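Please read the structure below before turning to the comments.
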Amino acid sequence: MEAVCAFSVGTLHIPTAHETSNSFRKSIFLSNQVASPVSLVFLRGSSKSKLLTALSPPPLTESSNQPEAEPEFESHAEKFDWYSQWYPLMPICDLDKRKPHGKRVLGIDVVVWWDRNEGAWQVHDDACPHRLAPLSDGRIDQWGRLQCVYHGWCFNGKGECQLIPQALPDGPPVHTSKKACVAAYPSTVQNDILWFWPNTDPQYKDIITRKRPPFIPEIDDPSYTKSMGNRDIPYGYEVLIENLMDPAHVPYAHYGLMRTPQPKVKADREGGRPLDMSIEKLDINGFSANQAWGKSKFMPPCIFYAYTPDQPASSGETKKSSAKKKMCLIFVCVPVSPGKSRLIWCFPRNFGLWMDKIVPRWIFHVGQNLILDSDLYLLHVEEHKLKDIGPNNWHKACFVPTKSDALVIGYRTWLRKYAGGQVDWRGKYSGALPPTPPREQLLDRYWSHVVNCKSCNSAYKSLNAVEVMLQIISVASIGIVAVMKHGTMSVAKRNSMVALAVLSFALSRWLAHFIYKNFRYHDYEHAFR
């Protein structure tokens, strides 16, 4: 469990970075690894020197505090098309085949449902063509069709209307009209994640034959564990990716959640230190980066993938001297709407496989959600400040003089150079961010994670049932003692019943606190960590 928690710690958090360039490829997620020094290799070639200025600042002096020049980008650079990409919806393990699921990606509301007639997951517009009721609030009928529960219209996997109950049986077949159909999106399952293509134009019907989602081999490798998690995040996609690419914040934002080895260089008590990182290549297809203990890749628009080099396995793991320990940090970041994103994470490893077979998935999620919570408020506030500045002024507002920000700078470089500086919402939104809700709502775990996670949802219901049972035992024990006449029960039995009542009540109160803290709301106050 410590290994998984270590993964999640480094992986789930982000500070801001400054300008543009290609120089940094560190996985932020290995808590034990983050403290280790990293080596940075700069890009070579005069054509790339403009992008590297921000990544290789001189030692801090008075001159280094001067504003840095805005990087110059080639006017003929390719442009990233946000709507010609595959987007992840959910891990398959957290989708229930018995009901429809509503999801939002790029501001597009879709309904995900299992079509047992085709044996495939389907993705449609989440609006019935009749009166625009959300199909995600519908049901799967006895014939395996998606049914709108407002008026009972039914649809097959292609989005074709199969039934309009209000239409006359011997009348015109109005259900065959194109206006009665619901738009269907291309979709596919890869790496145990459901993906969809955000365009219903018929020309993209067979897009899977021409372009596939990014593939991560470790997830499909049976020699690796591949437990996944997901959570809705109350800040935007851009800030989410920045956070995951930034290892320098881990000893501070997540202090106390992880064990950090003693640094070999001068550092404060949290373990902060200089980090040397570099980007190998940056283009419209993302970037790759190097560091002393591993490599990482950004595969736009959604995947940040970090992995460690081969490590010799201990004698307890295998008898083969040639065996290697390998592990990865995979973060799939989904743009939902302004100020909202979704994170799917997976930490494959080829050692300690027994752990995932014995320990329930929800126990790992408790620690991983705490990591997310520990800098969630900081990033929400940060995003509002960045919004006031504007996406094209990030490099002017944020001072990032050290090499530890190289990945963040590389990401902002890619975003500005190829992708317009921000997600293209195609005019769906005014540009304003949602207002900051009360802290308890902002850090909510139930609606952002538990209801969307089969393991945590099941544990939540089971633990609540145990809490009720403990309360019943407590009340019943006191009731038995109260109604029993003196002499009919020995003093020892009476005392035992009273002790059982007190113990059951105390356990029920402790369990109620545990449930609330781990499945509802867990505040995080950095001053006392």
Using Cα pairs under 8 angstrom and six or more residues apart, how large is the relative contact order of the range 455-526, in percent? 46 percent
Cα lying deepest toward the dipole's positive end in the range 85-207, options L146, G171, L194, charges on Cβ: G171
What figure in square angstrom, to the nearest 10, would you give for the accessible area of K158 with a 1.4 Å probe? 140 Å²
Taking r as the C-beta separation of F215 and Q166 and R0 as 56 Å, the FRET efficiency to the nearest 0.05 is 0.75
With the dipole of the range 316-449 worked out from charges on the C-beta (+1 for Lys and Arg, -1 for Asp and Glu) around the Cα centre, which of V336, N392, V408 lies farthest toward the positive end? V408
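Round to a whole number: what % of the accessible area of the range 85-207 belongs to carbon and sulfur, probe 1.4 Å? Let's see the in-between values first.
Values: 2870 of 5900 Å².
Its accessible area is 49 percent carbon and sulfur atoms.
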Using the Cα centre as the reference, give the magnitude of the dipole from point charges on the C-beta atoms of the range 85-207 (Lys, Arg: +1; Asp, Glu: -1; all else neutral), rounded to the nearest 20 debye. 160 debye
Quick one: if you stick a label point 7 Å off each Cα along the C-beta vector at L507 and A432, how many nm between them? 5.2 nm
Over the range 455-526, with neighbouring protein chains present, the accessible area per residue in Å² at probe 1.4 Å is 62 Å²
From the square roots a ≥ b ≥ c of the eigenvalues of the alpha-carbon gyration tensor of the range 85-207, which class results: rounded (a/c under 1.5), prolate (a/b over b/c), or oblate? prolate
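How would V483, V366, V334, V149 line up by accessible area, probe 1.4 Å, largest first? Intermediate values should be presented prior to the final figure.
Working: V483 110, V366 30, V334 0, V149 70 Å².
Greatest to least solvent exposure: V483, V149, V366, V334.
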With every protein chain in place, what's the accessible area of Y446 (1.4 Å probe, Å², nearest 10)? 40 Å²
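What FRET efficiency comes out for V451 versus E525 if R0 is 45 angstrom and r is the Cβ-Cβ distance? Round to the nearest 0.05.
Details: r = 26 Å, r/R0 = 0.58.
E between V451 and E525, to the nearest 0.05, is 0.95.
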Accessible area (Å², 1.4 Å probe, nearest 10) - Y185: 30 Å²
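Once you've got the Cα coordinates, tell me which of K295/K357; K324/K357; K297/K428; K211/K387 are over 25 Å apart. Please list the in-between numbers first.
Values: K295/K357 28 Å; K324/K357 21 Å; K297/K428 30 Å; K211/K387 34 Å.
Pairs exceeding 25 Å: K295/K357; K297/K428; K211/K387.
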Counting only C-alpha contacts under 8 Å and six or more residues apart, can you give the relative contact order of the range 374-511 as a whole percent? 21 percent
Environment charge at V468 (Cβ cut-off 14 Å; Lys +1, Arg +1, Asp -1, Glu -1): +1
In terms of the alpha carbon gyration tensor, root eigenvalues a ≥ b ≥ c, rounded if a/c is under 1.5 and otherwise prolate when a/b exceeds b/c or oblate, the range 455-526 is prolate
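Can you list the chymotrypsin sites (Phe, Trp or Tyr not before Pro) in the range 170-222 that are in a DSSP coil and have 13 or fewer other beta carbons within 10 angstrom? Could you put the intermediate results ahead of the total?
Values: sites: W195, F196, Y204, F215; in loops: F215.
Those satisfying the criteria are F215.
The values are calculated or read from the model by the stated rules, or taken from the named source; none is laboratory data. On a predicted model such as this, the values are computed, not experimentally measured, just so you know. All Cβ positions, glycine included, derive from the backbone under ideal geometry; neighbour counts span all protein chains shown. With ligands, DNA and RNA removed, areas are computed over all heavy atoms of the protein, side chains included. Shrake-Rupley method; radii C 1.70, N 1.55, O 1.52, S 1.80 Å.
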